[in-house]
1. Scanning the stretch 255-292 for residues that are over 30 Å from Leu212 (Cβ atoms) and modelled with pLDDT of 60 or more, which turns out surrounded by the most Cβ atoms within 10 Å (Cβ to Cβ)?
2. Within the stretch 154-165, how many residues turn out to be open to solvent by 40 Å² or more (accessible area, probe 1.4 Å) and in contact with a Phe, Trp or Tyr (Cβ under 6 Å, 6 or more places away or on another chain)?
3. Condition test on Tyr124, is it touching a residue at least 12 places away in the same chain (Cβ under 8 Å), crowded, with 16+ Cβ neighbours inside 10 Å, touching a Ser or Thr at 6+ places or on another chain (Cβ under 9 Å) and over 30 Å from Gln279 (Cβ atoms)?
4. Considering only residues of the stretch 1-49 that are of a type in the set (Phe, Trp, Tyr) and surrounded by fewer than 14 Cβ atoms within 10 Å (Cβ to Cβ), which is nearest to Ile103 (Cα to Cα)?
5. Does Lys82 satisfy being more than 28 Å from Phe307 (Cα to Cα) and basic (Lys, Arg)?
6. In the stretch 127-139, what residues are in contact with a helix residue (DSSP H, G or I) (Cβ under 8 Å, 6 or more places away or on another chain) and open to solvent by 50 Å² or more (accessible area, probe 1.4 Å)?
7. I'd like to know if the stretch 169-177 contains one or more residues that are touching a Phe, Trp or Tyr at 6+ places or on another chain (Cβ under 9 Å), open to solvent by less than 10 Å² (accessible area, probe 1.4 Å) and touching a residue at least 12 places away in the same chain (Cβ under 8 Å).
8. Determine whether the stretch 52-73 contains at least one residue that is surrounded by fewer than 17 Cβ atoms within 10 Å (Cβ to Cβ), among the acidic types (Asp, Glu) and touching a Leu at 6+ places or on another chain (Cβ under 7 Å).
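The values are calculated or read from the model by the stated rules, or taken from the named source; none is laboratory data. Being a predicted model, the structure only gives us computed values, none of them experimental. Reconstructed Cβ throughout: ideal geometry from the backbone, glycine too, with neighbour counts over all protein chains shown. Just so you know, the surface numbers come from the protein's heavy atoms only, side chains and all, with ligands and any DNA or RNA stripped out. Shrake-Rupley method; radii C 1.70, N 1.55, O 1.52, S 1.80 Å.
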Amino acid sequence: MTWQTLFLLFKSVRPRQWLKNLALYAPLFFSGFLFYQPVDGPSYFWLVTYAVAIFSILTSSVYLINDIFDAKEDAAHPFKKKRPIASGELPIPIAAFFAIAGIATVFYLSLSLPLFFRLLLLAYLFLQVVYATQIKKVAIFDVISIALGFLIRIYAGAVIVDLHMSVWFLLTVVSASLFLAVGKRQSERTLLKDKQVDFARRTLKNYSQRLLDQYTGMFANATWLTYALFSFQHETGMVEPLSERFPELYLSLPRTLHSQKLLMLSLPFVIFGVMRYLQLVYEENKGESPERVLLNDKMLLSAVLLFGLVAFVVIYG
């Protein structure tokens, strides 16, 4: 095994995509139990961190499997043809061996975790294999399967510490993931059109520009609206209301400001994030890789960080 092969493997497992697995922290973060330490076990934070690590190994193995199935199709793509497996630099047998080894490692590491977490790992693996072989060729279902992948992550983060989730929170996750998936199709279609090549992804032929515009607007609106409803109804399990923590301050405020829905202070950052992402998709064609957009666009990254800061202060301050 040469260093060059190891580098190509590292490139193929897409470590940048591990950002998506941070979604497992979301149920714990919004529950108010981020720093909770049970008397008879590890802290909730470290337990979810362990689950994130397991999911990262699984998703990396899935990317290897996906690239193996897509090798021929990616070779015809103007950008994906540079991937190690599609270009032929990384032999398929080596990629397959590490994919299988990664999956075996995942289920070995999860033996001490709850049964439902392991079932969600199986569900995610099954979904991704079916997506790579069948679903990605079917319009609408390909986008829905991406949303299901995020939903499985969210449930995995919740069941690992046995937390309840608000229905509005789940709808926010579904709406946001559909928004990102459609934005990805939007940018991919535009990029390939600009390159004046046939659509390498078969389903793109079934997405007209007008249809993608409708989908994008629909899920963009759904994202911030469902989050607004979630933040308005949000209740944490550990933190006392403002009226109980600071009763004198609370009573000194005018009744107009006697609201316990302080999480809505984070809503402007969600609205700005949606608007900025739309701008990047439509004006700069940068939606094909959401995680790259997040890391490279300073305005969007700042909005996400400020959103996290405000939510943290409201829930845990």
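1. Step one: of the stretch 255-292, the residues over 30 Å from Leu212 (Cβ atoms) are 255-265.
Of the ones still in play, those that are also modelled with pLDDT of 60 or more are 261-265.
Numbers: Lys261: 13, Leu262: 17, Leu263: 21, Met264: 15, Leu265: 14.
Looking at the filtered set, the residue picked out is Leu263.
2. Applying the first criterion (open to solvent by 40 Å² or more (accessible area, probe 1.4 Å)) to the stretch 154-165 yields 155, 159, 162, 164.
Okay, now just the ones that are also in contact with a Phe, Trp or Tyr (Cβ under 6 Å, 6 or more places away or on another chain), so 159.
Total meeting the criteria: 1.
3. Working: touching a residue at least 12 places away in the same chain (Cβ under 8 Å): yes; crowded, with 16+ Cβ neighbours inside 10 Å: yes; touching a Ser or Thr at 6+ places or on another chain (Cβ under 9 Å): yes; over 30 Å from Gln279 (Cβ atoms): yes.
It is true that Tyr124 is touching a residue at least 12 places away in the same chain (Cβ under 8 Å), crowded, with 16+ Cβ neighbours inside 10 Å, touching a Ser or Thr at 6+ places or on another chain (Cβ under 9 Å) and over 30 Å from Gln279 (Cβ atoms).
4. Residues of the stretch 1-49 of a type in the set (Phe, Trp, Tyr): 3, 7, 10, 18, 25, 29-30, 33, 35-36, 44-46.
Filter once more, so that each one left must be surrounded by fewer than 14 Cβ atoms within 10 Å (Cβ to Cβ): 3, 7, 10, 35, 46.
Working: Trp3: 23, Phe7: 20, Phe10: 16, Phe35: 30, Trp46: 22 Å.
In this case the residue turns out to be Phe10.
5. On the way: more than 28 Å from Phe307 (Cα to Cα): yes; basic (Lys, Arg): yes.
Yes; evaluated as a whole, the condition is true for this residue.
6. If the condition is that a residue be in contact with a helix residue (DSSP H, G or I) (Cβ under 8 Å, 6 or more places away or on another chain) and open to solvent by 50 Å² or more (accessible area, probe 1.4 Å), then Val129, Lys137, Val138 are the ones that fit.
7. First, pick out the residues of the stretch 169-177 that are touching a Phe, Trp or Tyr at 6+ places or on another chain (Cβ under 9 Å): 169-177.
Now drop any that are not open to solvent by less than 10 Å² (accessible area, probe 1.4 Å), which leaves 177.
Filter once more, keeping what is touching a residue at least 12 places away in the same chain (Cβ under 8 Å): 177.
Yes: the stretch 169-177 contains one or more residues that are touching a Phe, Trp or Tyr at 6+ places or on another chain (Cβ under 9 Å), open to solvent by less than 10 Å² (accessible area, probe 1.4 Å) and touching a residue at least 12 places away in the same chain (Cβ under 8 Å).
8. Taking the stretch 52-73 and keeping what is surrounded by fewer than 17 Cβ atoms within 10 Å (Cβ to Cβ), we get 53, 69, 72-73.
In the following step, the residues that additionally are among the acidic types (Asp, Glu) were identified as 73.
Now narrow it down to the ones that are touching a Leu at 6+ places or on another chain (Cβ under 7 Å): none.
No, there is no match, as no residue in the stretch 52-73 is surrounded by fewer than 17 Cβ atoms within 10 Å (Cβ to Cβ), among the acidic types (Asp, Glu) and touching a Leu at 6+ places or on another chain (Cβ under 7 Å).
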